[in-house]
Amino acid sequence: MALKVLSALDAARTQYYHFKAIIIAGMGLFTDAYDLFCIPPIMILIGRIYYPEDSQIPAPDADQSHIPAPDNDQSHIPAPVVSTMVAIALLGTVIGKVVFGRYGDLIGRRRVYGFALLLMVLGSIGCGFSICTTRSCVLGSLGFFRFVLGVGIGGDYPLSATIMSEFANKRTRGAFIAAVFSMQGFGILASSVVTMVVCTAFGRASRHLAPTDPTPPEADIAWRLILMLGAIPAAMTFYWRMMMPETARYTALVEQNVLQAAKDMERVMDVPLSQIAEDQPLPSSPPPSYPLFSRQFLRRHGRDLFSCACAWFLLDIVFYSSNLFQSQIYTRFLSNQKRTAYDAAFEVAKLQAIVAACSTIPGYWATVYFIDRMGRVKLQMMGFFCMALVYVALGVPYYDYWNKHTNKGFMILYGLAFFFANFGPNTTTFIVPAELFPARFRSTCHGISGAAGKVGAIIGAIGFLWASHNKEEDGYPKAIGMMVSLIILGGVCIVGTVMTYLFTTETAGRSLEENEKEEDGKEMGILRCFGYNGLRSRLSTSDGVDAA
């Protein structure tokens, strides 16, 4: 039986509470991006402070005219240390997605939502304190608190997406979830602006220093301040998260309390209780259920879960390999002259701000505008394919041209890679798992899909960073080189395009309850393998039962 409260949610006009939910849910994604993208300039400051012997000019005790002067803009932190700092936050994210995603279905979205945000706040503050001032102690404590931060960030993903999908109406649900995800772009921009402001303030206080002078002790406060400031926006929304009611869909379909769902909806949205009260008594017994990963679950939802996890895994391999681009840009654009630690961190943050403003944020908001017009499948395929073109255009002539000409053309291609990632699979992989699964599995399946993505992120951010060197340099061993690495990443995008075409289900224009209709898994599996996703709607309405 269709519930009036859920039908009212699907048909509700766009109103104030939708935008309030976007801000409350999106602030976790904002903090996520802030904490991840403030690390590149911070690592420069940490390198100058705790690895000073690697950045000083060689002593003139011998004829060293043949030795090039060291690049004073580089942090010179050993490659294994950099990789560990990146990996440990991503590992925490993997754990957070699975654990919080599962508990979001077991005990409710709202009950664990605030705890995820609290972990992010504590993790940000802990990263800033990092206990002591010796190299090993600082890096060890920073790694620990970044792991805690990663767990909180991971937990926020499935909960934010699920809550927004269950509050949204059917017509603009994709745009609302995309708007939540777009807060990442503003988090990147905010981290860059904060870094530039802090570095400018500390730099003016140390303006008497020359670029070749040792980094002042005050720089140890600067990077800590940048990290701790990231906790403020998350802390500001903690109260509002705790005041949010449980979603009506979870209360009605999982907890089987339709009356409470109607009361919660009346409290936060402009819908009178008389319009959503049920006309006839509801059945006293709950609908038939089956456990997670049972044969029945795998038959009905296994292919969808595989599709979501695989697409996110492939996307994050490519998306997080942007370190390859960053190292190329930073090396070419920022090493023409010697700079103080503050100036070097400022320039990296400035480049990140330019890319965010010109490429990343426009990509997010293009998705907000087109997602419900084009549909998820077309948008994801287009994004993957355009990213493949960019990577091939960078990879094939890399050593013949781009390695010596990091110019405006390179920057345009670099920006296009981010634009089509966000105007495509980076956003759609966040949206589709929140729309496709039954209410009692929705948060869990989103968490599993996202965890698969972060495993891909570890491969992209660390594996390809090490593989991209064709000679021993900067502590990295000789490997396959940039050209082969970029071509492989282009191939990964092609695989993502094909996988999307064959397996991804279109969810646009349908209610969540329509998307979670069960169908004969074997028959639909065969159809999807041949790309007949459009038949799902007709078949599911003829032989399905409500999964929730």
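Worth pointing out:
- Mean accessible surface per residue for region 158-245, computed with a 1.4 Å probe while every protein chain stays in place, in Å²: 37
- Sequence ranges 146-152, 114-120, 103-109, 208-214, ranked by mean other-Cβ count within 10 angstrom, highest first: 146-152, 114-120, 103-109, 208-214
- For peptides 89-95, 506-512, 177-183, sequence by mean Cβ density within 10 Å, most packed first: 177-183, 89-95, 506-512
- When both region 344-372 and region 420-463 are represented by their alpha-carbon centers, they are found 20 Å apart.
- Distant alpha-carbon pairs in region 441-505 (separation over 17 angstrom), percent: 57
- With a Förster radius of 30 Å applied to the beta-carbon distance between Gln15 and Leu259, the computed FRET efficiency rounds to 0.85.
- Neighbour-limited loop hits for trypsin sites (Lys or Arg not before Pro), region 164-225 (at most 10 other Cβ within 10 Å; DSSP other than H, G, I, E, B): Arg207
- Max-minus-min Cα coordinates of region 114-195 on each principal axis give 55, 27, 14 Å, with the largest extent listed first.
- Ordering of 413-421, 234-242 by burial proxy (mean other Cβ atoms within 10 Å per residue, highest first): 413-421, 234-242
- Normalised convex hull volume, region 74-168, alpha-carbon set, Å³ per residue: 104
- Extension gain, Ala210 to Tyr290: 0.36 nm times the residue separation minus the Cα-Cα distance gives 22.0 nm.
The values are calculated or read from the model by the stated rules, or taken from the named source; none is laboratory data. Keep in mind that what you see is a predicted model, and the values were worked out from it rather than measured. For neighbour counting, all protein chains shown are included, and Cβ atoms are generated from backbone atoms with ideal geometry for every residue, glycine included. With ligands, DNA and RNA removed, areas are computed over all heavy atoms of the protein, side chains included. Shrake-Rupley method; radii C 1.70, N 1.55, O 1.52, S 1.80 Å.
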